[in-house]
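Enquirer: Below is a structure I'd like to ask you about.
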Amino acid sequence: MVADIHAHLDYFSNEELKKIIERAKKEGIEIIITNSTDIKSCKKSLEISKKYDIVRLAVGLYPNDNLNINDFDEFKKFVLENQKEIFAIGEIGMDFKESKNEGSQELIFKKQLELAQELNLPVIIHSRKAEKEVLKILEDYKNLKKILHCFSGKFKLIEEAKKQGCYFSIPANINRSEHFKKMVKEISMERILLETDSPFLPPTKGETNEPANVLKTVKTISAIWGISYDETKNILEDNFRKVFE
Ligand SMILES: [Zn+2]
């Protein structure tokens, strides 16, 4: 079984999505977790997860300049109303590169972590240029299952995240990233998951990314680990089950 734990399927048109899901199924992808970024995206992603059997729903408020505490109240209501359909909380976190509202980002991130804790759901975390601050906050959420998506922090911080028991989801552009190759080499096998961040971060620059591309990552990782493709797939499947089942 292969899973893409981080895609943004609501970015695709209905027509594109139909083809993307067909291709993913044909390639043997069994689960795609579609991550949401705001209330509108949560609602659209819920519909997508109901329409396609291989899609699971992650809901979250992504850190950007428009984040507002009132959004959290509406978000929480949505989560509680649709709890049965929700597989994870994501994409949440902090981003100090694109946005300057550090205070509200931190507040809303913490509120979403608390909600995940209450509902016993794994969290999928964005931490661009805020890796250190995100890890500091996560220290207070020891029992949560935490996945750092596309983690680009320094290796000292990767060590810290390992100590905290975080999982790392590796994007499909690993084939052109020394950072992610090094991460796969240095992090123990049982902490690695797969993601695409579709439609972003394609393995070939300039293309639109899609979930079927996680298979390319399995190939790259198996070469780094020096084991067969099938063994790699089995390890990644076990990891997925540990977090999500
Ligand atoms: Zn994302």
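Laboratory data are not the source of any read-out in this text; all were calculated from the coordinates shown. On a predicted model such as this, the values are computed, not experimentally measured, just so you know. Cβ sites come from the backbone with ideal geometry, for glycine too, and all protein chains shown count toward neighbours.
Enquirer: As an exercise, identify the GluC sites (Glu not before Pro) in region 134-194 lying in DSSP coil whose Cβ has no more than 14 other Cβ atoms within 10 Å.
Expert: Those satisfying the criteria are Glu139.
Enquirer: What's the long-distance tail for region 65-110, i.e. % of Cα pairs beyond 15 Å? Working shown, then result.
Expert: Values: 496 of 1035 pairs.
Percent of Cα pairs beyond 15 Å in region 65-110: 48.
Enquirer: For a quick check: with amide H placed at 1.01 Å from N, whose amide H comes under 5 Å from Val55's, ignoring anything fewer than 5 positions away on the same chain?
Expert: Ile32
Enquirer: With r defined as the distance between the Cβ atoms of Lys44 and Ile227 and R0 fixed at 30 Å, what FRET efficiency is calculated, to the nearest 0.05?
Expert: That pair, Lys44 with Ile227, gives E of 0.15.
Enquirer: Please arrange Thr217, Thr208 by counting, for each residue, the other beta carbons lying within 10 Å of its beta carbon, fewest first.
Expert: Values: Thr217 27, Thr208 13.
Fewest-to-most Cβ neighbours within 10 Å comes out as Thr208, Thr217.
Enquirer: Identify the residues of region 94-134 with backbone N under 20 Å of a label point that sits 7 angstrom from the Cα of Asn70 along the Cα-to-Cβ direction, or state none.
Expert: Backbone N within reach: 101-109, 111-112.
Enquirer: May I ask you to list the trypsin sites (Lys or Arg not before Pro) in region 138-245 that are in a DSSP loop and have at most 13 other Cβ atoms within 10 Å of their Cβ?
Expert: The qualifying sites are Lys142, Lys154, Lys205.
Enquirer: Let me spell out the model: positive unit charges on the Cβ of Lys and Arg, negative unit charges on the Cβ of Asp and Glu, origin at the Cα centre of the chain. What dipole size does that give, in debye rounded to 20?
Expert: 480
Enquirer: If you take the alpha carbon radius of gyration of the chain and divide it by 2.2 N^0.38 Å, what ratio comes out, to two decimals? Working shown, then result.
Expert: Working: Rg = 16.7 Å, N = 245, 2.2 N^0.38 = 17.8 Å.
Rg over 2.2 N^0.38 Å, computed on Cα atoms: 0.94.
Enquirer: Past the 22 Å Cα-Cα mark, which pairs from Lys182/Lys216; Lys26/Lys181; Lys50/Lys205; Lys18/Lys43; Lys51/Lys205?
Expert: Lys26/Lys181; Lys50/Lys205; Lys51/Lys205
Enquirer: Sort Ile5, Ile39, Ile221 so that the residue with the fewest other Cβ atoms within 10 Å of its own Cβ comes first and the one with the most comes last.
Expert: Placing the least packed residue first, the sequence is Ile39, Ile221, Ile5.
Enquirer: Still on this structure: Could you give each residue of region 50-59 its phi-based ³J(HN,Hα) in whole Hz, using Karplus coefficients 6.51, -1.76, 1.60 with θ = phi - 60°, and x for Gly or Pro?
Expert: 6, 6, 10, 5, 8, 9, 10, 9, 10, 10
Enquirer: Please compute the modelled spin-label separation between Phe155 and Met189, points set 7 Å along Cα→Cβ, answer in nm with one decimal.
Expert: Inter-label distance under the simple model: 2.2 nm.
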